[in-house]
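> What follows is a structure written as structure tokens; I'll ask about it next.
Please treat every number below as a calculation from the coordinates, not as lab data. Being a predicted model, the structure only gives us computed values, none of them experimental. Every residue, glycine among them, receives a Cβ derived from its backbone with ideal geometry; neighbour counts consider all protein chains shown.
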Amino acid sequence: MNATIGDMQTSTTSGPAGTQSPHHAGDVVAGLANDGMATLVAGAAVREAVQRGSRVRFVQVLPTGLSAEDRSEMDVVMFGVALCALHRQRRVPCTFETVEGDVARTLVERSRGAAVLVVGRDAPDADVLVGKYCQEHAFCDVLTVTGPDPTLQPAGGTRVRTPGTS
């Protein structure tokens, strides 16, 4: 079942087997990729973590073969995006990871045992459908962010609570 959150969408199914990892820790994983959505993904992940009272794991997935300088620059940018998302939030525990590999598969693997994986929505002309892959294969809920509007409106028209609002 998918619900639309204004410009966000969340899948309420739990992955291919319909089960979550027995080591479910309740983390919110912010899947950061070079898709132009990092700021929105990080912000939505922090709001979700605050709502759940859980930790945020910022996971940046880079393509393999980057130079040390390029990787370092991308790490700095990811750290800045995460810090901006955490700004004015108190006591939100977080971790930062940078890994190389296939974005979709890596995010699904890194979100094992999490409560929710937050990713950017696939662009209509995207060659790689990261959001779709994550929704179909993740072992946790997937929140797909498409824009800054935090209003939650499912397809049926019934209002559902938005993370960070009452």
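> Could you pull the Cα extents of the stretch 57-101 along its three principal axes, largest to smallest, in whole Å?
37, 16, 10
> Sorted by packing (mean other beta-carbon atoms within 10 Å per residue), highest first, where do 90-102, 41-53 land?
Numbers: 90-102: 13.4, 41-53: 22.5.
With the highest mean Cβ count within 10 Å placed first, the list reads 41-53, 90-102.
> Using amide H atoms built in the peptide plane, which far-off residues or other-chain residues are under 5 Å from Glu100 H to H?
Answer set, sorted by chain and number: Leu62.
> Using 0.36 nm per residue, how much length does the chain from Glu73 to Asp125 gain when fully extended, once their Cα-Cα distance is taken away?
On the way: separation 52, 0.36 × 52 = 18.72 nm, distance 2.71 nm.
Length difference between fully extended and current span is 16.0 nm.
> Can you pull the one-decimal nm distance between simple spin-label points at Arg52 and Asn34, each 7 Å off the Cα toward Cβ?
2.8 nm
> So how do 77-84, 120-127 stack up, highest first, on mean other-Cβ count within 10 Å?
Those peptides, ordered most packed to least, come out 77-84, 120-127.
> Still on this structure, please answer the following. Each residue of the stretch 58-65 in order: what ³J(HN,Hα) in whole Hz does its phi give by Karplus 6.51 cos²θ - 1.76 cosθ + 1.60, θ = phi - 60°, with x for Gly and Pro?
Each residue of the stretch 58-65 in turn: 7, 10, 9, 10, 10, x, 6, x Hz.
> Can you list the residues, at least 5 places off or on another chain, whose amide H is less than 5 Å from the amide H of Asp122, using H built in the peptide plane?
Gly131, Lys132
> For the stretch 92-136 and the stretch 53-78, what is the separation of their Cα centres, given in Å?
13 Å
> Contour minus end-to-end for Arg91 and Thr64, with contour as 0.36 nm per residue of separation and end-to-end as the Cα-Cα distance?
Length gained between Arg91 and Thr64: 6.4 nm.
> Still on this structure: Using only alpha carbon pairs under 8 Å that are at least six residues apart, calculate the relative contact order of the stretch 112-151 and give it in whole percent. Spell out each step's value before the answer.
Details: 45 pairs, mean separation 20.1, N = 40.
Computed value for the stretch 112-151: 50 percent relative contact order.
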